[in-house]
Amino acid sequence: MTGMTPVAVRHDVLDLLISQHTRIRDLFSELESSTGPARREAFDRLVRLLAVHETIEEQFVHPLTRRHVHGGDDIVEDRLAEERLARQRLAALQRMGPDTAPRPV
Amino acid sequence: MTFNPFEQQGIPLEQQLRNWRELNVVPVDPDHSDPYTKCRIIAMNGIEVEAIMFSHNFTRVCHDTEVKRKLAEIRYIEQQQQKIVNWLLPGSSSPLETTISYEQVAVDLTAWVARMEPDPYLKQAYEFGVLEDFDHLYRYANLYEMVQHRKAEKIVDGLTEVMPGRPTKFHHRHPADNVRDPYDRNTAAPLSKMHALTVMAAEQQTMNFYMNVGPQYMEPIARQLYQEIALIEEEHVTHYESLVDPGETWWERLVNHEYNEVYLYHSFMQTESDRKVKAIWELHLNMELEQLRIASELMREHDGRDPAELLPAELPEPLTFEPNKAYLRHLLDTQIDLTTLGAGYVSEAHERFEQFQEKIMGGEIPPSEFVIDAHRDHFGTDYRLETEGPHPAPELQQQASTKS
């Protein structure tokens with residue numbers, strides 16, 4: 001970190017979503033390399049951020065996609081199906097907790 | 001430990017072909033692997049691509065069908081080696097993220113080579129070039145934060161500093177001034193020949209990469225910056241390839257290529273931190289030993305010479321990826337204002353340089369400057385990773401935006 005306060009930072013919804021992608025990637029990385037309470041904390045932050053991220057996409061990006069992109073309705077429906085699946089998996093992971101050993105495949 | 005590449009037994013060529021299962025390598029993890037593992041992968045990919053294109057060029061001027069068949073056999077294996085090596089890169093990394101690693105290769109590979117190069121004229125060529133790659137790393141790192149909202153320190157991990165080098169806008173020279181004088185094949189040290197081949201191959205791969213991934217971006221500034229830096233890679237390939245003696249016979253070139261591949265796989269095997277990647281370097285070393293044996297046989301038969309007379313029985317000290325921060329800071333302090341004139345270097349902007357600059361700039365600021373201005377507008381300052389203190393050149397020290 002440079003420790004400087006950013007000035008004149010442009011904030012549109014795409015900036016926000018892209019910077020969230022980066023934070024999500026970093027949180028996954030933190031989760032993999034931490035243990036105990038730090039791991040629990042990283043996990044909780046990740047779950048919260050994913051929920052916020054999906055909500056922003058649904059509220060801002062999906063309506064624009066439906067209106068302006070050729071075949072937008074189908075694209076949005078596919079994304080929604082994907083996100084529903086992700087939410088189910090995430091809920092299952094939340095029940096298991098971040099310290100559960102992976103099942104052998 | 002002595003390792004004589006002419007006496008070590010390799011894997012017989014007919015046993016080198018891999019099936020689909022063997023080609024299907026597991027890529028490295030972009031977030032947890034050693035940045036220098038990625039550098040070794042990128043460097044070795046460049047070496048294999050050069051091996052392949054050299055072999056194609058040889059084939060195009062070769063009249064002997066038996067030789068062409070032998071080259072085709074080896075080249076197919078080299079293609080598989082290239083696939084294995086380059087497919088170690090993870091699909092989840094964007095081209096821009098890989099670009100940052102390409103520039104980390106260019107910086108720390110060229111700096112190492114410059115430090116180890118025994119010939120002063122060749123050493124100067126690497127010292128000149130590395131300050132330009134160093135600046136490209138800085139420009140792309142600023143683009144990376146703007147486009148992907150992620151800092152290049154996540155990729156280079158503090159091993160390589162990110163700050164201005166010789167400013168990219170000054171790299172655009174008259175093409176005639178990019179041609180250097182070659183070494184003499186009869187008196188040059190074998191290590192000098194390997195250095196020239198290695199850095200030439202790395203820059204050539206970088207040129208090919210940028211000329212192809214640049215248009216895959218939608219952001220205008222990304223498209224423009226790739227165009228600008230890709231044109232400088234053309235200059236760098238011209239610069240380094242002209243160091244190689246054009247009087248080498250085709251057989252000699254073939255043996256030099258194979259020997260260099262043995263040297264580099266052997267080097268990387270010594271220093272690799274990733275166990276699985278190390279196993280690949282070791283396997284490829286054993287394949288290259290056989291390819292060198294075949295090249296040596298061809299040389300004896302067609303050139304009437306024994307490669308052992310040209311190349312050492314013991315490999316040089318391993319080429320190593322390691323931080324070169326103090327060395328680079330010394331170069332920044334002493335060589336930042338150099339340009340080329342004819343086959344040499346000068347510190348003032350001469351007429352041909354200025355005329356070329358005026359034409360290519362067309363009265364506007366180039367993308368490499370615009371990207372920094374845009375970053376300052378967006379984040380308040382340019383992106384840097386100065387782990388060893390402020391920039392050694394006072395005029396290139398960081399300033400906050402004048403807008404606030």
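Odds and ends about this structure:
- Selected residue [out of contact with any strand residue (DSSP E or B) (no Cβ under 9 Å at 6 or more places or on another chain), among the aromatic types (Phe, Trp, Tyr) and over 18 Å from residue B:328 (Cα atoms)] from B:126, B:144, B:102: B:144
Residues checked against (1) within 27 Å of residue B:307 (Cβ to Cβ); (2) in a loop (DSSP other than H, G, I, E, B); (3) aliphatic (A, V, I, L, M):
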site: B:39; (1), (2), (3): no, no, no
site: B:46; (1), (2), (3): yes, no, no
site: B:58; (1), (2), (3): yes, no, no
site: B:77; (1), (2), (3): yes, no, yes
site: B:80; (1), (2), (3): yes, no, no
site: B:98; (1), (2), (3): no, no, no
site: B:101; (1), (2), (3): no, no, no
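- Among the residues of the stretch B:207-241, just one is at pLDDT 95 or above, acidic (Asp, Glu) and surrounded by fewer than 18 Cβ atoms within 10 Å (Cβ to Cβ), namely B:234.
- Residue B:86 vs. criteria surrounded by fewer than 16 Cβ atoms within 10 Å (Cβ to Cβ) and farther than 19 Å from residue B:270 by Cβ: no
- Criterion: within 14 Å of chain A (Cβ to nearest Cβ), modelled with pLDDT of 95 or more and farther than 17 Å from residue B:135 by Cβ - qualifying residue of B:381, B:320: B:381
- Residues (small (Gly, Ala, Ser) and outside any helix (DSSP H, G or I)) located in the stretch B:237-269: B:242, B:247
- Set B:152, B:188, B:196, B:111: member being buried (at least 23 other Cβ atoms within 10 Å of the Cβ), more than 17 Å from the chain's Cα centre (by Cα) and either touching a residue at least 24 places away in the same chain (Cβ under 8 Å) or on the phi < 0 side of the Ramachandran plot (or both): B:152
- Applying the criterion of at least 1 residues that are more than 14 Å from every other protein chain (Cβ to nearest Cβ), under 26 Å from residue B:152 (Cβ atoms) and not hydroxyl-bearing (Ser, Thr, Tyr) to the helices (runs of 4 or more DSSP H) found wholly in the stretch A:7-98 leaves A:36-56.
- Qualifying residue in the stretch B:351-358 (condition: more than 14 Å from chain A (Cβ to nearest Cβ) and touching a strand residue (DSSP E or B) at 6+ places or on another chain (Cβ under 9 Å)): yes
- Exactly one residue out of B:395, B:348 is farther than 26 Å from residue B:223 by Cα, in a loop (DSSP other than H, G, I, E, B) and more than 10 Å from every other protein chain (Cβ to nearest Cβ), and it is B:348.
- The residue pairs whose first member lies in the stretch A:16-33 and is without any contact (Cβ under 8 Å) to a residue 40 or more places away in the chain, whose second member is among the polar types (S, T, N, Q), and whose beta carbons are closer than 7 Å, counting only pairs six or more residues apart or on different chains, are A:18/B:148; A:22/B:148.
- Here residue B:227 meets each of (1) part of a loop (DSSP other than H, G, I, E, B); (2) within 19 Å of the chain's Cα centre (by Cα) with one exception, condition (1).
- Residues of the stretch B:122-167 that are polar (S, T, N, Q) and outside any helix (DSSP H, G or I): B:160 alone.
- Condition broken by residue B:96, with the remaining ones in (1) more than 20 Å from residue B:340 (Cα to Cα); (2) touching a Leu at 6+ places or on another chain (Cβ under 6 Å) satisfied: (2)
- Residue among B:321, B:356 that is farther than 26 Å from residue B:111 by Cα and of a type in the set (Phe, Trp, Tyr): B:356
- When residues of the stretch B:359-378 are limited to those that are small (Gly, Ala, Ser) and surrounded by 14 or more Cβ atoms within 10 Å (Cβ to Cβ), the one farthest from the other protein chains (Cβ to nearest Cβ): B:368
The values are calculated or read from the model by the stated rules, or taken from the named source; none is laboratory data. What you are looking at is a predicted structure, and each value in this text was computed from that prediction instead of being measured. Every residue, glycine among them, receives a Cβ derived from its backbone with ideal geometry; neighbour counts consider all protein chains shown.
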